[in-house]
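The values are calculated or read from the model by the stated rules, or taken from the named source; none is laboratory data. In this text the structure is predicted, and so the values were computed from the model without any measurement. Ideal geometry is used to build each Cβ from the backbone, glycine not excepted, and the neighbour counts take in all protein chains shown.
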Amino acid sequence: MSENIFPLLPDDLAAATGRCQFKGDRATANIARARFGAGTPAPLINNEGGRISLGEIFIAAGVRLWAHKGGVLAIGINTVLDAGVEIIAWSSVTIGTNCYLGWDALVMDTDLHSVGGRPLVNKPVVIGDNVRIGARAMILKGVTIGEGAVIQPGSIVTRDVPAGAEVRPPAAAVKGRLTPA
Amino acid sequence: MITRFAQMLRVLASGGRQYSPVAYAFGALLPGRRGGAGPVAWLRGWPMPDVRAGAGAIELGHVGLYPGVKLHCRGAGRMVIGDGTFLNRDARIFAGGTVTVGRHCMVSWQTVITDFAGFDATAQFAPVVLEDEVWIGNRAIILGGTRLGRGCVVAAGAVVQGDFPAGSILAGKPAEIVS
């Protein structure tokens, strides 16, 4: 397993002078150890009656963390949430240590609303240690990602990923050709 | 004064799309190390483009930056964008090595262009070269080690990595019916 290529650089930590925008219940949110990147929009942490627990992690601008009523959101130490990451916890989202989540990655353990009168089912998401998730990847409800797995940019993950596995999206293919002007 | 007034009228008549002298003035204030031929223009709106060269370098020609554009270098990353290219809303370019975008390219909303080659690649960063007049669709992802020839078209949502000759039309895989 290769090492994390996006470790926190000293520059990053020095630049992590931003502040987060917090909404909701502060009593059940432990965010004191997280570092926030500067920039707009400021990272938004929204705790609507859930529980949030963040270790010593780096959170870039534009990140949105949302724990709904009864939802648990826990992130281990040394994890990096890069710009635009969204994590939506209505039941439980657990992210391990030393993980990297790239630009605009989306992690959600719910479908946010039911379809056709069926009840809404939320299933917990567990992401192990040393997992690297590329830009625009989506991790959907009920997924467990094993330790050291690699989710390449653009993947949509709906099933469990074993430890050390690699997931990649279908690549673009040439569909036609323009006649040269 | 009259010239200035005429310029303002022109900007108004084009719905704010034409680069205004005011935007040029703001362009001069872009932070980080920056060189290049032309003035950078950004179009009014929030959030303003976020240009961070850090220890690297960003060379912008006469480029139009829409609101929300992010240009970031990591380490000694280097980014060159040619004249007449515009980056639409929320487009992001990341350079850990080299990213070169040619002239008169059109980069659509929420596109990610990065020279990051993939998590287990031997080289973390591989150069990205987009030649002139490349058109990139909405939410496409261009990864490291990509070379798009002149006039390539990338469809919305495609994930592109590799070497493609001039005039190629690239598209991703549409969703399938699961049940």
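See the values below:
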| quantity | calculated |
| --- | --- |
| Among the residues listed as A:I95, A:I31, the single one being at pLDDT 90 or above and either within 14 Å of chain B (Cβ to nearest Cβ) or under 25 Å from B:V159 (Cβ atoms) (or both) | A:I95 |
| Single residue of the stretch B:53-69 satisfying the filter (in contact with a Pro (Cβ under 7 Å, 6 or more places away or on another chain) and not small (G, A, S)) that is nearest to B:A91 (Cα to Cα) | B:V69 |
| Looking only at the stretch B:74-95, and only at residues there that are in contact with a Lys or Arg (Cβ under 7 Å, 6 or more places away or on another chain) and in contact (Cβ under 8 Å) with a residue 40 or more places away in the chain, the one that is surrounded by the fewest Cβ atoms within 10 Å (Cβ to Cβ) | B:D83 |
| Residue count for the stretch A:151-172, restricted to those that are more than 7 Å from chain B (Cβ to nearest Cβ) and either in a strand (DSSP E or B) or closer than 18 Å to B:T114 by Cα (or both) | 7 |
| Subset of the stretch A:116-142 [among the charged types (D, E, K, R), within 10 Å of chain B (Cβ to nearest Cβ) and free of Cβ contacts under 8 Å to residues at least 60 places away in the same chain] | A:R136 |
| Selected residue (criterion: surrounded by the fewest Cβ atoms within 10 Å (Cβ to Cβ)) from residues of the stretch B:118-135 that are hydrophobic (A, V, I, L, M, F, W, C) and at pLDDT below 95 | B:A123 |
| Any hit, the stretch B:148-170, residues being out of contact with any Asp or Glu (no Cβ under 6 Å at 6 or more places or on another chain), surrounded by 21 or more Cβ atoms within 10 Å (Cβ to Cβ), more than 10 Å from chain A (Cβ to nearest Cβ) and without any contact (Cβ under 8 Å) to a residue 60 or more places away in the chain | yes |
| Options A:L73, A:L8; residue that is modelled with pLDDT of 90 or more, under 17 Å from the mean Cα position of the chain (by Cα) and not in a helix (DSSP H, G or I) | A:L73 |
| Yes/no for A:R26 being surrounded by 16 or more Cβ atoms within 10 Å (Cβ to Cβ), on the phi < 0 side of the Ramachandran plot and among the charged types (D, E, K, R) | no |
| Residues satisfying the stated conditions in the stretch B:64-116, i.e. touching a Leu at 6+ places or on another chain (Cβ under 7 Å) and more than 20 Å from B:G149 (Cα to Cα) | B:G64, B:L65, B:Y66, B:P67, B:V69 |
| Some residue of the stretch A:143-150 being more than 14 Å from every other protein chain (Cβ to nearest Cβ), touching a Pro at 6+ places or on another chain (Cβ under 6 Å) and either basic (K, R) or part of a loop (DSSP other than H, G, I, E, B) (or both) | yes |
| Among (1) over 22 Å from A:P153 (Cβ atoms); (2) modelled with pLDDT of 80 or more - the single one B:R34 does not satisfy | (2) |
| Residues located in the stretch B:140-177, provided they are closer than 15 Å to B:W109 by Cα and touching a strand residue (DSSP E or B) at 6+ places or on another chain (Cβ under 8 Å) | B:A140, B:I141, B:I142, B:V153, B:V154, B:A155, B:A158, B:V159 |
| Answer residue from the stretch A:93-109, given it is buried (at least 24 other Cβ atoms within 10 Å of the Cβ) and of a type in the set (V, I, T) and is farthest from B:I93 (Cα to Cα) among those | A:V93 |
| Residues of the stretch B:96-106 classified as in contact with a Phe, Trp or Tyr (Cβ under 8 Å, 6 or more places away or on another chain) and buried (at least 21 other Cβ atoms within 10 Å of the Cβ), total | 3 |
| Failed condition for B:I113, given (1) at pLDDT below 90; (2) in a strand (DSSP E or B); (3) among the hydrophobic types (A, V, I, L, M, F, W, C) | (1) |
| Residue check, A:V107 in a strand (DSSP E or B), more than 26 Å from B:Q110 (Cα to Cα) and out of contact with any Phe, Trp or Tyr (no Cβ under 9 Å at 6 or more places or on another chain) | no |
